[in-house]
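Undergrad: Sending over a structure as structure tokens; questions will come in a sec.
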Amino acid sequence: MSVAVSCRGVGKVYASRTGDVEALSPVDLEIAAGEFVVLIGPSGCGKTTLLRILGGLQQASAGRMALLPGADGRQSVGFVFQAANLLPWLNVEQNVALPLRLQGRDTAARLARARTLCGQVGLAGFEQRWPRELSGGMQQRAAIARALADDPALLLMDEPFGALDALTRTRMNQELERLWLASGATVVLVTHSITEAVMLADRIVLMSPRPGRVQAIVDVKFPRPRRPALEGSVEFQAIASDLRRLLGEEA
Amino acid sequence: MNAARILPGVVAVLLFFAGWQAYCAMSGISPLLLPSPVQVLRAFIDILGEAPTWVHLAFTLGETLAGFAIALVFGIALGWVIATFPMLERAIHPFVVASQIVPKVALVPLFVLWFGFGPTSKIVVAAVIAFFPVMTNTLLGLRSVEAGHEDVFGALRANAWQRFRMLQLPSALPAIMAGTEMAMVLATIGAVVGEYLGGSDGLGYFAVATMNAFQTDRLFGIIILLTVMGFLLYAAVAWLRRALLPWHRSVG
Ligand SMILES: Nc1ncnc2c1ncn2[C@@H]1O[C@H](COP(=O)(O)OP(=O)(O)O)[C@@H](O)[C@H]1O
Ligand SMILES: [Mg+2]
């Protein structure tokens, strides 16, 4: 398997008025192409910082980070943020088509793609609505569709379902797994939810409190697609309680 | 809009005119000071039937629109320059403050001196007065781009032009349009005040000439004409704002 993401000694120090804050102490991490990796750790441990560095939204202050170009040679990255961040002046399908518009694809092609994606994330019939007319869960679906629009090789998701209720979240997890299986993309997802982590991940990367570093890596080998009922199984609960223990030790 | 909602307003306006008419009839006040509504209406219809009125209107309208357009172009351009190069703001700041504080109407004689008694000086007055709300609102709008939206364009590796076209401009548009509405009103005021103080064209000049001839009823008629013109210009900009911002909460 080829390596999609590689971090060697990636560190980050924020300069602030009250002095420097070490957000990430050197992180070493390799992620295989097509792998679903979940980052979990106490809040403030640098998960968002690491994700933003991977997405090129921030510069690391130390170390080296490399992304493998996708099949088409582009280092395309889809980013789903904690907030949907839809542009309020574009309707749903125009929002979803934004990555293709930035690449200069013609209107007909990008709207056709956007409509297909809207259907896949369960937004059929809402293509022409304004973002403000959608519920929080629907907005986040649109954001996921937008991140998938130009078939990125790497999908970065920062607590994408953090603001959703538990039921919606379970359903979104299933839909995400389905989309990911169809796309073949590499995914790095940040979450606070142990259940979400075990349900989705091939590998769970546990980060220590600030300054963040990789504390433990847990493999999750359940077959896919995974059913919500899996959560009740003994094996699932064993991994979940392992994680809880590891997270608790450091808290 | 239903009848019950507009009824109180209609009744109030009718009562106002009835009271005005009654006061003129009973107090015996000279029509040179206060003509009755009926006299004003007659004078207004007379004025509309005279060819020079429309020439004056054309001058005022042209000056207002020219000043407004100049204010729009320079206001948006300077607002963008300041938002993009923050260093410049500190340099320009004293000038901005000074020009906000100076009563701009007091500069009109100076503009007449520099640009003559023709339409140019009026256009300059209209532009100078209308310029500031456009510039400050553009600056405010460009500064209010949401960090989350910036991140979206950053993750998609958008270039500077794409960011301007697809992020900054639409983010700033509600504020720019609010400034544009103000600019339309101020440009009208600027053109008319410019005409008061110099020259021999435009509704402002027409009003002063009519006043000097003690034709108070006709003066009222000119004021009505100016009001209608100002209202239509404002309505046009308000309509444009709604057309450009269908997504915005300010548009119901
Ligand atoms: N722009 C910034 N300036 C200064 N400190 C920051 C900045 N962003 C994050 N931090 C600090 O870095 C640490 C890690 O933040 P973050 O990556 O957001 O953590 P997480 O996503 O795991 O909660 C926190 O202590 C936070 O306060
Ligand atoms: Mg975070």
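The values are calculated or read from the model by the stated rules, or taken from the named source; none is laboratory data. These numbers were taken from a predicted model, which means no experiment stands behind them. A quick note on method: Cβ atoms are made from the backbone with ideal geometry, for glycine too, and the neighbour counts reach across all protein chains shown. Keep in mind that these areas ignore ligands, DNA and RNA; they rest on the heavy atoms of the full protein, side chains included. Shrake-Rupley method; radii C 1.70, N 1.55, O 1.52, S 1.80 Å.
Undergrad: If we sort B:218-229, A:151-162, B:196-207, A:213-224 on the protection proxy, mean other Cβ atoms within 10 Å, highest first, what's the order?
TA: Averaged packing, sorted descending, gives the order A:151-162, B:196-207, B:218-229, A:213-224.
Undergrad: Take each of the peptides B:78-85, B:121-128, average the number of other beta-carbon atoms within 10 Å over its residues, and list them starting from the highest.
TA: B:121-128, B:78-85
Undergrad: Then there is this: Given a cut-off of under 8 Å on Cα pairs at least six residues apart, what relative contact order in percent is computed for the range B:43-165?
TA: The normalised contact order for the range B:43-165 reaches 39 percent.
Undergrad: At what distance in angstrom do the alpha carbon centres of the range A:1-39 and the range B:21-62 lie from each other?
TA: 78 Å
Undergrad: What 222 nm value per residue comes from the helices of chain B, counting each DSSP H run with n ≥ 4 as -39,500 (n - 2.57) and dividing by all residues, nearest 500 deg cm²/dmol?
TA: Estimated from H runs of four or more residues: -27000 deg cm²/dmol.
Undergrad: Taking a point 7 angstrom from the Cα of A:A124 along the C-beta vector, which residues in the range A:220-239 have backbone N less than 14 Å away?
TA: Under cut-off, by backbone N: nothing.
Undergrad: Okay, next question. Could you compute the net charge surrounding B:V124? Neighbours are other residues with a C-beta less than 12 Å from the C-beta of B:V124; K and R count +1, D and E count -1.
TA: +1
Undergrad: Could you tell me the relative contact order of chain A? Use alpha-carbon pairs under 8 Å, at least six residues apart, and round to a whole percent.
TA: For chain A, the relative contact order is 26 percent.
Undergrad: Return an integer: the convex hull volume of the alpha-carbon atoms of chain B, in Å³ per residue.
TA: Taking the convex hull of the Cα positions in chain B, it is 168 Å³ per residue.
Undergrad: What lysines could a cross-link reach from A:K12, if we take a straight Cα to Cα line under 30 Å and drop same-chain neighbours fewer than 8 places away?
TA: Within the straight-line limit of under 30 Å, A:K12 reaches these lysines: A:K47.
Undergrad: How far apart, in nm, are the 7 Å Cα→Cβ label points at A:Q82 and A:D28?
TA: 3.0 nm
Undergrad: Then there's this: Only bridges with both residues in the protein assembly as shown count here: give the DSSP antiparallel percent, nearest 5.
TA: 50 percent
Undergrad: Let me ask something additional. Write down Rg/Rh for the range B:7-143, rounded to two decimals, with Rg from the C-alpha atoms and Rh from the Kirkwood relation over Cα pairs.
TA: Rg/Rh for the range B:7-143 comes to 1.17.
Undergrad: Kindly provide log₁₀ I(q)/I(0) values, in the same order as q = 0.11, 0.17 Å⁻¹, from the Debye equation applied to equal alpha-carbon scatterers of chain A.
TA: Log10 I(q)/I(0), no solvent term: -0.60, -1.35.
Undergrad: Something else now. When all alpha-carbon pairs of the protein assembly as shown are counted, what percent fall beyond 41 Å?
TA: Result for the distance tail: 44 percent.
Undergrad: A follow-up question, please. Taking a cut-off of 16 Å between Cα atoms, list the aspartates and glutamates near A:K221, but don't count ones fewer than 8 places away on the same chain.
TA: A:E35, A:E177, A:E196, A:D202, A:E231, A:E235, A:D242
Undergrad: Shifting gears a bit: If N is the number of residues in the range A:87-150, what value comes out of its Cα radius of gyration divided by 2.2 N^0.38 Å?
TA: That ratio works out to 0.96.
Undergrad: What nm distance separates the two modelled labels at A:D242 and A:A108, each placed 7 Å from Cα along Cα→Cβ?
TA: In this crude spin-label approximation the distance works out to 5.4 nm.
Undergrad: Then there is this: Which of the lysines could be linked to B:K104 by a straight reach, that is with a Cα gap under 26 Å, when you skip same-chain ones fewer than 8 residues away?
TA: Excluding near neighbours in sequence, the set is B:K122.
Undergrad: Further question on the same structure: Which distance in nm do the two modelled labels at B:I6 and B:Y23 give, with both placed 7 Å along the Cα-to-Cβ direction?
TA: With each label placed 7 Å out from Cα toward Cβ, I get 2.7 nm.
Undergrad: Run the numbers on the range B:33-244 and let me know its relative contact order in percent, using alpha-carbon pairs under 8 Å that are six or more apart.
TA: Across the range B:33-244, relative contact order equals 32 percent.
Undergrad: Sticking with this one: I'd like the FRET efficiency for B:F85 and B:L140, computed as 1/(1 + (r/R0)^6) with the beta carbon distance as r and R0 of 22 Å, rounded to 0.05.
TA: It comes to 0.85.
Undergrad: Want the number for B:V73 to B:Q100: 0.36 nm per residue separation, take away the alpha-carbon distance, what's left?
TA: 7.9 nm
Undergrad: Can you check how the C-alpha radius of gyration of the range B:105-252 compares to 2.2 N^0.38 Å, as a plain ratio?
TA: 1.38
Undergrad: Report, to the nearest whole %, how much of the accessible area of the protein assembly as shown belongs to carbon and sulfur atoms, 1.4 Å probe, protein only.
TA: The C+S portion of the solvent-accessible surface of the protein assembly as shown is 65 percent.
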